[in-house]
Amino acid sequence: YRALTLHIENRNDDGIAQTEHNLGEAYHHKDEFHQSIAHFNKARLIHLKKNNLRGLAYVHLGLGKSHTELGSFHKGINELLKGLDYAIQYNEISLKSDVILALSNSYVQKKYYRQAEYYALKAKALAEESQNTRTLTQSLRQLAKIADKRGKYEMALSYYREYVENEITIRDR
């Protein structure tokens with residue numbers, strides 16, 4: 001909050017937006033989702049004014065995750081899809097992958113495993129295309145979790161093995 005005060009005093013909109021976003025993340029991690037949403041919305045207004053596509057993508061990612069955690073599944077999915085649209089416009093693969101994995105997680109929470117798998121496979125394909133090992137490991141872990149929940153244990157084991165191999169590669173580096 002001290003950083004927010006300083007940015008407000010200096011009329012630094014970018015700093016205000018970043019700090020509001022960080023507060024949204026902090027409250028999300030504390031499971032205080034209403035507070036999280038309030039801060040993300042304050043950041044969203046600044047990013048809209050400045051047409052900051054990257055900032056808007058991250059804000060909608062945060063809003064989507066918070067709404068989903070509150071049980072507002074459809075609102076959460078809509079926010080994530082807005083975030084994906086902004087990420088596509090901004091054209092940053094890791095940002096797109098983060099939003100796509102969040103979509104997959106939302107569908108897992110609702111037990112819509114087919115949709116969850118669809119988005120996890122999309123994230124995996126993006127990760128392979130961009131050679132992003134971090135996203136690849138996250139998508140493989142997600143696919144293993146989904147296959148396990150669907151009772152496809154051999155597939156889950158296969159994804160988990162691939163996940164572990166990639167995770168070890170990251171740690172060896």
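Taken about its Cα centre, the chain carries a charge dipole of about 360 debye when Lys and Arg each add +1 at the Cβ and Asp and Glu each add -1 at the Cβ.
Over segment 1-58, accessible surface divided per residue gives 61 Å², non-protein components excluded, 1.4 Å probe.
Can you work out D for segment 113-154 in µm² s⁻¹ from Stokes-Einstein, where Rh is the Kirkwood radius over C-alpha pairs, the temperature is 20 °C and the viscosity is 1.002 mPa s? Mind dumping the intermediate values first?
Working: Rh = 10.2 Å.
In µm²/s, the coefficient is 210.
Please state, to two decimals, what the Cα-based radius of gyration of segment 1-46 comes to when divided by 2.2 N^0.38 Å (N = residues). Write out the running numbers ahead of the final one.
Details: Rg = 10.1 Å, N = 46, 2.2 N^0.38 = 9.4 Å.
In units of the 2.2 N^0.38 Å rule of thumb, it is 1.08.
Across all directions, the average flat footprint of the convex hull enclosing the Cα atoms of segment 35-75 is 2.6 nm².
Applying a DSSP loop filter and a limit of 10 other Cβ atoms within 10 Å to the trypsin sites (Lys or Arg not before Pro) in segment 14-100 leaves Lys30.
Report the far tail of the P(r) of segment 28-173, meaning the percent of Cα-Cα pairs longer than 17 Å.
Numbers: 6584 of 10585 pairs.
So the pairs more than 17 Å apart make up 62 percent of the total in segment 28-173.
Given R₀ = 25 Å, FRET efficiency for Lys49-Leu6 by Cβ-Cβ distance, to 0.05? Kindly include the intermediate steps, with their values, before the conclusion.
Details: r = 20 Å, r/R0 = 0.80.
Given R0 = 25 Å and the Cβ-Cβ separation, E is 0.80.
The lysines within cross-link reach of Lys110, meaning a Cα-to-Cα straight distance under 20 Å and a gap of 8 or more places when in the same chain, are Lys65, Lys75, Lys82, Lys122, Lys145, Lys149, Lys152.
Compute the Rg/Rh shape ratio of segment 13-101: radius of gyration over Kirkwood radius, all on alpha-carbon atoms. Numbers along the way, then the final one.
Numbers: Rg = 11.8 Å, Rh = 12.4 Å.
Radius of gyration over Kirkwood radius for segment 13-101 works out to 0.95.
Computed on segment 69-142, the Cα convex hull volume stands at 74 Å³ per residue. Using Cα-Cα distances under 8 Å and only pairs 6 or more residues apart, what relative contact order does the chain have, in percent? Answer for the chain is 12 percent.
The values are calculated or read from the model by the stated rules, or taken from the named source; none is laboratory data. All of these numbers come straight from a predicted model, not from anything done at the bench. Cβ coordinates were reconstructed from backbone atoms using ideal geometry, including for glycine residues, and neighbour counts include every protein chain displayed. Accessible surface is based on the protein model in full, side chains and every heavy atom, while ligands, DNA and RNA are left aside. Shrake-Rupley method; radii C 1.70, N 1.55, O 1.52, S 1.80 Å.
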